[in-house]
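Worksheet: the structure to be examined is printed underneath.
The values are calculated or read from the model by the stated rules, or taken from the named source; none is laboratory data. Fair warning: this is a prediction, and the values are worked out from it, not measured in the lab. Quick reminder, even Gly has a Cβ in these numbers, built from the backbone with ideal geometry, and neighbours come from all protein chains shown.
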Amino acid sequence: MLEEAQLAIPETLKIPVSVDSVTLPVFDTMVSLVARVSNRAMIGVPGCRNDKFLKRQISVAAQAIPMAQVLNWFPKFSRSAVWKLFSVLVGSKDECVALLTYAQQDNPSTITDLLLRYAPEEDLNDAKRLAIRVVHLNMASIHTSSVFRQHYN
């Protein structure tokens with residue numbers, strides 16, 4: 001993760017050499033860095049550098065908790081339909097799962113490898129179910145870091 005942080009910070013900040021100081025959107029910059037660095041441990045390289053996947057994962061993390069609150073406003077029988085409607089409008093974790101499911105990676109020292117070793121038997125033959133585990137782990141990582149940053153702003 002340290003190696004990824006050392007690569008990601010200069011790429012994300014893009015501070016010109018000739019400038020003494022810059023103004024950065026701290027929250028967006030931090031969330032982007034957390035997503036990339038934590039994904040280095042979760043899925044390894046090159047997945048942690050896939051901008052499309054990272055943007056979708058950040059979006060899922062940002063939407064998950066508010067969406068859960070919105071769903072609580074609806075009767076239980078209608079929540080599935082409401083979730084599908086919102087997912088169509090704003091995107092869903094299914095896009096992250098698709099990106100992860102089809103990623104061709106061989107990273108034996110990632111958190112994903114650990115999840116595979118200890119996954120229930122019924123999940124082992126289902127790439128989509130395994131990918132959902134990683135998406136949820138990503139959401140927790142990004143959301144937790146984001147909440148911490150918001151409270152200490």
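Go through segment 39-53 and give me each residue that's assigned to a helix (DSSP H, G or I) and closer than 18 Å to I111 by Cβ.
Result: N39, R40, A41, M42, G47, C48, R49, F53.
Looking only at segment 23-33, how many residues end up being in a helix (DSSP H, G or I) and more than 13 Å from R56 (Cα to Cα)?
The number of residues fulfilling the criteria is 6.
Does at least one position in segment 107-117 carry a residue that is surrounded by 13 or more Cβ atoms within 10 Å (Cβ to Cβ) and modelled with pLDDT of 75 or more?
no
Restricting attention to segment 8-60, which residues are of a type outside the set (V, I, T) and either touching a His at 6+ places or on another chain (Cβ under 8 Å) or surrounded by fewer than 11 Cβ atoms within 10 Å (Cβ to Cβ) (or both)?
Of everything in segment 8-60, those that are of a type outside the set (V, I, T) and either touching a His at 6+ places or on another chain (Cβ under 8 Å) or surrounded by fewer than 11 Cβ atoms within 10 Å (Cβ to Cβ) (or both) turn out to be P10, K14, P16, S18, D20, S21, P25, D51, K52.
Here's the yes/no breakdown for (1) touching a residue at least 24 places away in the same chain (Cβ under 8 Å); (2) farther than 14 Å from N138 by Cβ:
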site	(1), (2)
A5	yes, yes
T12	yes, yes
I15	no, yes
L24	no, yes
I43	yes, no
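Do the conditions hold for A41, that is, is it at pLDDT below 85 and closer than 30 Å to T112 by Cα?
So A41 fits the description; yes.
Working carefully through the options R36, R56, find the one that is at pLDDT 85 or above, in contact with a Cys (Cβ under 6 Å, 6 or more places away or on another chain) and in a helix (DSSP H, G or I).
That would be R36, the only listed residue that is at pLDDT 85 or above, in contact with a Cys (Cβ under 6 Å, 6 or more places away or on another chain) and in a helix (DSSP H, G or I).
Search segment 32-56 for residues being touching a Ser or Thr at 6+ places or on another chain (Cβ under 9 Å) and polar (S, T, N, Q), and hand back the single one that is nearest to M1 (Cα to Cα).
Checking each candidate, the answer is S38.
With the structure loaded, tell me whether V135 is surrounded by 18 or more Cβ atoms within 10 Å (Cβ to Cβ), on the phi < 0 side of the Ramachandran plot, at pLDDT 75 or above and not polar (S, T, N, Q) or whether it fails that test.
yes
Do we find that Q63 is touching a Phe, Trp or Tyr at 6+ places or on another chain (Cβ under 9 Å), surrounded by 11 or more Cβ atoms within 10 Å (Cβ to Cβ) and either acidic (D, E) or within 15 Å of I142 (Cβ to Cβ) (or both) in this structure?
In short, yes.
Could you check, for segment 62-82, whether at least one of its residues is in a helix (DSSP H, G or I), in contact with a Ser or Thr (Cβ under 9 Å, 6 or more places away or on another chain), of a type in the set (S, T, Y) and modelled with pLDDT of 85 or more?
No, the conditions are met nowhere in segment 62-82.
Being farther than 15 Å from V134 by Cβ and either more than 11 Å from the chain's Cα centre (by Cα) or of a type outside the set (F, W, Y) (or both) narrows it down to one of S38, S32, so name that one.
S32
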